[in-house]
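Visitor: Structure provided below as structure tokens; questions to follow.
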Amino acid sequence: FPTRRSSDLIRVAELGEVVEGSLPRIGAATADGRGEVVYVMVQMLRDANALELMDQLHEQLPTLRGALPEGVEIEIVYDRSVLVRATLKTVAKNLVEGAALVIIVLLLMLGSVRAGLLVATVIPLSKLGAVIGMVSFDVPGNLMSLGAIDFGLLVDGAVVMVERAFHELHRRSPDEDRDTTRKAVVGAMRHVARPMTFSVLVITLVYVPILTLQGVDGKMFRPMALTVVFALLTSLALALTFIPAAAAAWLGHRAVPKRDPMLVRALTWVYRPVLDLALRVPALILLLALGLLGLGGFAFASSGSSFVPQLDEGDLVIQSTRAPDVSLDTAIVEALALERAVREAAPEVLAVTSRIGSPEVATDIMGLEQADVFVELAPREQWREGLSRDQLIASIDEAIAEHAPGGEDRKSVV
């Protein structure tokens with residue numbers, strides 16, 4: 001530069017050519033081993049309804065497809081509404097099957113259709129009470145909270161009350177005045193109300209420690225514990241109020257079986273000799289109980305456990321990690337090779353899409369060495385006969401290690 005005074009200005013144009021540039025890319029997206037694509041992620045507002053949002057998006061998709069230039073297509077990589085609807089279907093299936101099984105057991109054990117149906121009414125009423133509690137305390141409804149209720153626990157109190165009514169009716173003459181019989185039945189159930197209440201409260205207290213969980217565990221299990229507590233308290237209130245009134249009004253001598261049901265007689269036939277043996281040789285029973293306790297403790301200690309359950313959403317996500325100094329171009333090449341390997345690993349794989357690094361709006365901060373690979377699978381009924389999920393994951397993992405560059409890098413399939 002020529003000699004300048006300190007007060008002279010140096011302009012940028014004197015140093016070089018000024019042109020418009022761009023920010024460095026911090027991510028990319030590829031699909032099916034064919035090349036780069038544009039990855040669009042829809043973000044949902046907090047506390048929004050995922051199913052309603054997805055329905056609105058599906059309504060707008062035809063308009064969006066019509067506005068795209070020729071040769072550009074929209075393909076859905078991950079649709080959250082599929083998981084939501086599958087969860088609702090699973091919850092409904094579990095509730096129907098659980099209720100039906102409990103009702104069948106009640107009919108077999110009580111030996112009375114009228115009594116069995118009376119006790120079974122506690123199930124939907126208790127669920128209604130649980131839903132009222134969930135709405136009142138803003139407890140979210142999900143697969144954990146709605147599908148984890150044990151219907152057998154809900155009817156315990158009602159079964160105790162109805163069986164006590166049966167015993168009282170057995171003692172009464174069929175020719176006795178109806179009002180007197182009703183008062184006697186209610187009085188008999190009043191005698192077992194206190195121990196029954198205590199037993200239900202003991203079961204309820206088992207779930208109280210879960211309410212103290214924090215973090216991810218609390219987020220998952222507290223709604224379940226609250227829902228169960230609401231349902232149990234509702235069933236207790238019904239056992240103390242509705243069941244005695246309904247039993248006094250609907251149960252009579254005709255509803256009481258003449259003898260124990262066949263299932264009860266069969267269980268008694270098996271149980272009686274075991275009970276006689278336990279009374280004759282109590283030390284042997286104690287040793288067996290301690291042995292089983294020790295065996296159970298050993299199995300629990302050696303089996304390993306995870307408090308957070310594994311949820312199967314149907315599709316797979318492969319989380320891959322490459323060398324920290326990898327370039328974007330190299331990451332794209334390796335992602336395409338990985339996608340081709342996964343597509344060829346099994347015919348059950350329908351599509352493979354990779355999200356490398358971070359998007360422009362980096363809600364999930366990831367480096368270029370990291371990638372999420374979304375693997376779309378065919379419906380389970382279209383899989384090869386005898387193929388399990390673990391076997392499919394093993395074949396994908398083997399294909400990645402054998403054919404994809406960097407297959408030896410850290411990766412996990414979820």
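Visitor: Any chance you could give the angle, 0 to 90 degrees and rounded to 10, that helix 178-205 forms with the longest Cα principal axis of the chain?
Guide: Once rounded, the angle reads 40 degrees.
Visitor: Treat every Asp and Glu Cβ in the chain as -1 and every Lys and Arg Cβ as +1, leave all other atoms uncharged, and give the resulting dipole magnitude about the Cα centre to the nearest 20 debye.
Guide: 3080
Visitor: Any chance you could give the angle, 0 to 90 degrees and rounded to 10, that helix 282-303 forms with the longest Cα principal axis of the chain?
Guide: Value to nearest ten degrees: 10.
Visitor: Kindly rank 389-397, 17-25 from highest to lowest mean number of other beta carbons found within 10 Å of each residue.
Guide: 389-397, 17-25
Visitor: Here's another thing I want to ask about it. Could you work out how much longer the chain between Thr241 and Leu53 gets when fully extended? Use 0.36 nm per residue separation minus the Cα distance between them, nm to one decimal.
Guide: 63.4 nm
Visitor: Highest mean first, how do 71-77, 224-230 rank when packing is the count of other Cβ atoms within 10 Å averaged over residues?
Guide: The densest-packed peptide leads the list: 224-230, 71-77.
Visitor: For the chain, find the longest principal axis of its Cα atoms and tell me its angle to the long axis of helix 389-403, 0 to 90°, nearest 10.
Guide: Approximately 20 degrees, to the nearest ten.
Visitor: Between beta-carbons, use under 12 Å as the cut-off and find the net charge around Leu350, counting Lys and Arg +1, Asp and Glu -1.
Guide: Here the count lands on -4.
Visitor: For the chain, taking Cα atoms only, what is the radius of gyration to one decimal and the Dmax to the nearest whole Å?
Guide: Values for the chain (Cα only, Rg and Dmax): 32.6, 128 Å.
Visitor: Moving to a separate point now. Going Cα to Cα from Lys127, which lysines come in below 21 Å? Please leave out same-chain ones fewer than 8 positions away.
Guide: Partners found: Lys89, Lys93.
Visitor: Could I ask something else about it? Kindly report the accessible area of segment 162-226 per residue (heavy atoms of protein chains, probe 1.4 Å, no ligands, DNA or RNA), in Å².
Guide: Each residue of segment 162-226 exposes 64 Å² on average to a 1.4 Å probe.
Visitor: Near Lys219, which aspartates and glutamates are there with a Cα under 19 Å away, not counting those fewer than 8 places off in the same chain?
Guide: Asp47, Asp138, Asp312, Glu313
Visitor: For every helix of n ≥ 4 consecutive DSSP H residues, a contribution of -39,500 (n - 2.57) applies; sum these over the chain, divide by its total residues, and give [θ] at 222 nm rounded to the nearest 500 deg cm²/dmol.
Guide: Only helices count here, giving -19000 deg cm²/dmol.
Visitor: A further question follows. Using only the alpha carbons of segment 159-272, determine the length spanned along each of the three principal axes and report them from longest to shortest in whole angstroms.
Guide: Result for segment 159-272: principal-axis Cα extents of 63, 37, 19 Å.
Visitor: Sticking with this structure for a sec: How long is the gain from Gln43 to Ser327 if the chain were fully straight, where each residue apart is worth 0.36 nm and the alpha carbon distance is subtracted? It would help to have the intermediate numbers written out before the result.
Guide: Details: separation 284, 0.36 × 284 = 102.24 nm, distance 2.79 nm.
The Gln43-Ser327 span can extend by a further 99.4 nm.
Visitor: Sticking with this one: Sort 118-125, 210-217, 152-159 by the packing proxy (mean of other Cβ within 10 Å over each peptide's residues), most packed first.
Guide: Values: 118-125: 20.8, 210-217: 11.2, 152-159: 23.2.
In decreasing order of mean packing, 118-125, 210-217, 152-159 become 152-159, 118-125, 210-217.
The values are calculated or read from the model by the stated rules, or taken from the named source; none is laboratory data. Quantities reported herein were computed from a predicted structural model and do not represent experimental measurements. Methodologically, a virtual Cβ is constructed for each residue, glycine included, from the backbone with ideal geometry; neighbour enumeration extends over all protein chains shown. Note: accessible area is taken over every heavy atom of the protein model, side chains too, but ligands, DNA and RNA are not part of it. Shrake-Rupley method; radii C 1.70, N 1.55, O 1.52, S 1.80 Å.
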